[in-house]
Amino acid sequence: MKVAQANAAANSFEVVAQEWFEKNAPRWVPKHSVKIKERLKRDVYPFIGSRPISDISPSDVLGVLRRIEGRGAVETAHRALGNISMVFRYAVATERVTSDPCRDLRGALAPKVTRHFSAITDPKQIPALLARIDGYGGTLIVRCALRLAPLLFVRLGELRSARWADIDLEAGEWRFVASKTKQPHIVPLASQAIAILCELQPLTGQRELVFPGERSPLRPISENTVNAALRSLGIPREEMTGHGFRAMARTVLEENLKFAAHLIEAQLAHAVRDANGRAYNRTTHLEERRVMMQCWADYLDALREPKIVLFNPSTVAR
């Protein structure tokens with residue numbers, strides 16, 4: 001009896017899960033590891049952690065997931081299912097169980113909610129947005145980040161982590177590795193963007209980061225800084241987010257300024273491919289994208305000054 005109990009404890013779900021975690025965590029970024037560890041500790045271990053992994057049935061796993069769903073965390077339930085399944089597959093590989101019960105739960109959870117980032121895409125609404133941004137009274141670092149967000153429309157993580165070493169103001173280029181595609185990317189800098197960076201350079205130009213945080217110059221501003229600045233200006237989350245500047249540029253550049261979709265997608269650092277299925281490299285259409293980025297900045301300036309004749313995209317050679 002004691003031997004059987006000892007074997008059961010040694011092969012409990014939590015013990016196997018921790019073994020799986022320790023073997024895989026070195027391959028993950030720390031933030032991802034912490035999230036998985038906390039998810040298992042909070043949502044899984046209290047209910048099936050002490051049970052022998054070989055005794056856990058599909059209905060037991062579903063019970064765990066239903067508790068998570070019950071608090072409205074559908075995305076977390078799907079991620080927990082994925083984590084539990086990986087633990088069971090590890091248990092199969094190490095001969096603790098013969099199959100993964102999670103495979104029988106396909107379709108049992110509510111569908112994931114597709115997250116759309118709010119964005120202003122109607123040109124008639126953009127002037128008011130820009131006016132609020134221009135009136136931001138926070139620190140120079142945050143003010144410059146907020147003003148560059150619509151001009152550059154990069155991902156917020158890329159913006160806040162920008163390094164001066166990657167920016168060539170004379171050439172008008174910012175080169176870095178895109179966070180999603182992991183490929184080298186070039187952002188042509190319009191004269192307006194260069195002016196903002198030149199304004200900020202005396203303050204942070206001697207540091208590595210363009211936008212260092214207040215607590216430590218070695219760390220960038222937080223991932224929520226731009227969104228918090230928008231909220232402070234009275235712009236609700238349902239109306240505009242920092243990521244929404246990408247959608248705004250994507251929509252207006254194609255629908256109103258009539259730029260080719262493949263140029264816009266390339267500038268967004270999406271995985272764009274040519275007619276032969278080859279991924280565009282970082283220099284593809286660079287000159288056309290340089291023209292596009294300057295036109296975009298000029299267009300935003302024209303919207304800021306309604307008395308000025310609005311920018312006419314038809315005058316620009318494609």
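Every number here is computed from the coordinates shown, using simple stated rules; none is lab data. Not measured: the values here are computed from a predicted model. Heads up, the Cβs are rebuilt from the backbone with ideal geometry, glycines too, and the neighbour counts pull from every protein chain shown.
Sticking with the crude label model, points 7 Å out along Cα→Cβ, report the distance from Gln125 to Asp298 in nm, one decimal please.
My value for the distance between the label points is 2.8 nm.
With θ set to phi - 60° and the Karplus curve 6.51 cos²θ - 1.76 cosθ + 1.60, what are the ³J(HN,Hα) couplings of the range 215-232 in order, to the nearest whole Hz, using x for Gly and Pro?
6, 8, x, 8, 10, x, 3, 5, 5, 9, 4, 5, 5, 5, 5, 4, 5, 5
Taking the chain as a Gaussian network, where each spring joins two C-alpha atoms under 10 Å apart, which residue of Ile221, Ile133, Ile68 fluctuates the most?
Ile68
If you work out Cα extents along the principal axes in Å from the coordinates, which of [x] 124, 46, 40; [y] 86, 45, 37; [z] 57, 50, 33 do you get?
[y]
Mind checking the log10 I(q)/I(0) for the range 2-105 at q = 0.14, 0.23 Å⁻¹? Debye, one equal scatterer per Cα, no solvent, two decimals.
-0.51, -1.32
Would you grab the residues whose amide H sits under 5 Å from the one on Arg163? Only those 5+ places off in sequence or on another chain, please, with H modelled 1.01 Å from N.
Under 5 Å from the amide H of Arg163 lie the amide H atoms of Val210, each far enough along the sequence or on another chain.
Would you please state which residues of the range 12-40 a label at Phe47 would reach in this model, taking the label point 7 Å out along Cα→Cβ and a backbone N cut-off of under 14 Å?
Backbone N within reach: 39-40.
Which of Ala93, Ala260, Ala178 ends up with the largest GNM mean-square fluctuation for the chain, with Cα atoms connected below 10 Å?
Comparing Ala93, Ala260, Ala178 in a Gaussian network model of the chain, the most mobile one is Ala93.
Once you have the alpha carbon radius of gyration of the range 126-315, what is it after dividing by 2.2 N^0.38 Å, with N set to its residue count? Working shown, then result.
Details: Rg = 16.2 Å, N = 190, 2.2 N^0.38 = 16.2 Å.
In units of the 2.2 N^0.38 Å rule of thumb, it is 1.01.
Starting from the Cα-Cα distance between Glu208 and Arg103, subtract it from 0.36 nm times their residue separation and give me the gain in nm to one decimal.
33.0 nm
What distance in nm lies between label points placed 7 Å from Cα along the C-beta direction at Ala260 and Ala93?
Distance between the two pseudo-spin positions: 4.5 nm.
Tabulate in residue order the Karplus-calculated ³J(HN,Hα) for the range 123-136, using 6.51 cos²θ - 1.76 cosθ + 1.60 with θ = phi - 60°, rounded to whole Hz; enter x for Gly and Pro.
x, 5, 9, 5, x, 5, 4, 5, 5, 5, 4, 5, x, 4
Excluding Val15 itself, calculate the net charge of residues whose Cβ lies under 15 Å from the Cβ of Val15, where each Lys or Arg counts +1 and each Asp or Glu counts -1. Intermediate results must be reported in sequence, preceding the final value.
Details: positive: Lys23, Lys37, Lys41, Arg51, Arg96; negative: Glu14, Glu19, Glu22, Asp55, Glu95.
Residues near Val15 contribute 0 overall.
Tell me, what ³J(HN,Hα) does each residue in the range 182-189 have, in order and in whole Hz, if you take phi through Karplus 6.51 cos²θ - 1.76 cosθ + 1.60 with θ = phi - 60° and put x for Gly and Pro?
For the range 182-189, the Karplus curve yields 6, 10, x, 9, 10, 10, x, 9 Hz.
For the pair Ala73 and Glu223, what calculated FRET efficiency results from E = 1/(1 + (r/R0)^6), where r is the Cβ-Cβ distance and R0 = 30 Å, to the nearest 0.05? Each step should come with its number before you reach the end.
On the way: r = 20 Å, r/R0 = 0.68.
Taking R0 as 30 Å, the efficiency between Glu223 and Ala73 is 0.90.
Cα-based Rg of the range 194-246 per 2.2 N^0.38 Å, rounded to two decimals? Can you show the working numbers first?
Values: Rg = 13.2 Å, N = 53, 2.2 N^0.38 = 9.9 Å.
Against the compact-globule rule of thumb, the ratio is 1.33.
Run lengths n ≥ 4 of DSSP H only: what is the helix-derived mean residue ellipticity at 222 nm for the chain, with -39500 (n - 2.57) per run over all residues, to the nearest 500?
On the way: 13 runs with 151 residues, N = 318.
The helix-only estimate for the chain comes to -14500 deg cm²/dmol at 222 nm.
I want to make sure I understand the PRE zone here: with the label point 7 angstrom from the Cα of Lys31 toward its beta carbon, which residues in the range 225-246 have backbone N atoms less than 18 Å away?
Backbone N within reach: 225-229, 242-244.
Most exposed first by the Cβ proxy, i.e. fewest other Cβ within 10 Å, how do Glu38, Glu288 rank? Please list the in-between numbers first.
Details: Glu38 10, Glu288 18.
So the residues, fewest neighbours to most, are Glu38, Glu288.
Would you mind checking which residues have amide H under 5 Å from Arg219's amide H? H placed 1.01 Å from N; only 5 or more apart, or other chain.
Gly213
Give me, ordered by chain and number, the residues 5 or more places off Gln183 or on other chains with an amide H under 5 Å from its own placed amide H.
Ala178
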